[in-house]
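Below: the structure, in structure tokens.
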Amino acid sequence: MKVLRILVALVLTTGGCLTGRAAYLHAKAELAGLLIRRAWDQSVQHGGAHAPWPWADTHPVARLRIPRLTYDEIVLDNATPRTLAFGPARLLSSADFGEPGNLELAGHRTTWFRSLEGIAADDQIEIEWITRRGEVRKRDYRVTDIDVVRPEDVHLLAPTAEDTLTLITCYPFNRSPRSPFRFVVRARPLGSSTSERAAKALSPTATPG
């Protein structure tokens, strides 16, 4: 009986520690989200880059919304594993916001991009960003393609002559440790034809936003 009581005490203690750690991590994530959104609001009001906390190695660069899914997240710069723990982020190898080319945003399948499980063709995606001059710009996109590919199938991440938005996350959408595929959403800007976008991308007078 004494051994049993010790085992029960150990189980309860371990469970309490794990519960406490889970609560701490959840509270930390909630606080980080508030600080990131506050930094974005500061950028909108005053221009420039604002770090969410003094030692942060990233900063908010855009706001990503998918109205039908009631999705609304702040996008961070530089999609490193550390940055992706706090939100969706732009791949540094992609086009920048407002520039012609392939703008690529990545996010975790279990958190920031979990909502992509419900996305559909023709859904509208809204991107809001701040230019180098501190001006707020917005561009609306329409989903044209949804693909599940293998990690080595990187052609969907290649540069494009047309303005393109690419959202990428791991697949399938569950908490399994294995995610052998990639879920890729492609979207094109609303209100411009393919030929118009290509002409803008190739025009020598086109300037980045």
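Laid out as a table, the results:
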| item | result |
| --- | --- |
| Set Ala32, Ala51, Ala62, Ala89: member being closer than 22 Å to Glu104 by Cβ and free of Cβ contacts under 8 Å to residues at least 60 places away in the same chain | Ala89 |
| Condition check for Leu76: touching a Pro at 6+ places or on another chain (Cβ under 8 Å), among the hydrophobic types (A, V, I, L, M, F, W, C) and within 16 Å of Thr166 (Cβ to Cβ) | no |
| Filter result for Ala95 (surrounded by 14 or more Cβ atoms within 10 Å (Cβ to Cβ) and either farther than 20 Å from Asn174 by Cα or of a type in the set (S, T, N, Q) (or both)) | yes |
| Residue within region 145-163 that is surrounded by 18 or more Cβ atoms within 10 Å (Cβ to Cβ), among the charged types (D, E, K, R) and at pLDDT 90 or above present | yes |
| Search result, residues across region 164-182 that are surrounded by 13 or more Cβ atoms within 10 Å (Cβ to Cβ) and in a loop (DSSP other than H, G, I, E, B) | Pro172, Phe173, Ser179 |
| Contacts under 7 angstrom Cβ, first residue in region 36-47 being among the aromatic types (Phe, Trp, Tyr), partner surrounded by 16 or more Cβ atoms within 10 Å (Cβ to Cβ), 6 or more apart | Trp40/Pro60; Trp40/Arg63; Trp40/Ile74 |
| Single condition Ala121 does not satisfy, out of (1) in a loop (DSSP other than H, G, I, E, B); (2) buried (at least 17 other Cβ atoms within 10 Å of the Cβ); (3) of a type in the set (A, V, I, L, M) | (2) |
| Only listed residue being of a type outside the set (Lys, Arg), surrounded by 16 or more Cβ atoms within 10 Å (Cβ to Cβ) and modelled with pLDDT under 90, chosen from Ala27, Ala62, Ala32, Ala9 | Ala32 |
| Matching residues, region 84-103, being farther than 19 Å from Leu190 by Cα and assigned to a strand (DSSP E or B) | Ala89, Arg90 |
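Listed here are the residues, each with its yes/no results for (1) crowded, with 16+ Cβ neighbours inside 10 Å; (2) in a helix (DSSP H, G or I); (3) acidic (Asp, Glu); (4) modelled with pLDDT under 95.
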residue: Ser43; (1), (2), (3), (4): yes, yes, no, yes
residue: His50; (1), (2), (3), (4): yes, no, no, yes
residue: Trp53; (1), (2), (3), (4): no, no, no, yes
residue: Leu76; (1), (2), (3), (4): yes, no, no, no
residue: Arg82; (1), (2), (3), (4): no, yes, no, yes
residue: Leu105; (1), (2), (3), (4): yes, no, no, no
residue: Thr110; (1), (2), (3), (4): no, no, no, yes
residue: Ile127; (1), (2), (3), (4): yes, no, no, no
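The values are calculated or read from the model by the stated rules, or taken from the named source; none is laboratory data. The structure presented is a predicted model; accordingly, all values stated were derived computationally and were not measured. Every residue, glycine as well, gets a Cβ built from its backbone with ideal geometry; the counts of neighbours run over all protein chains shown.
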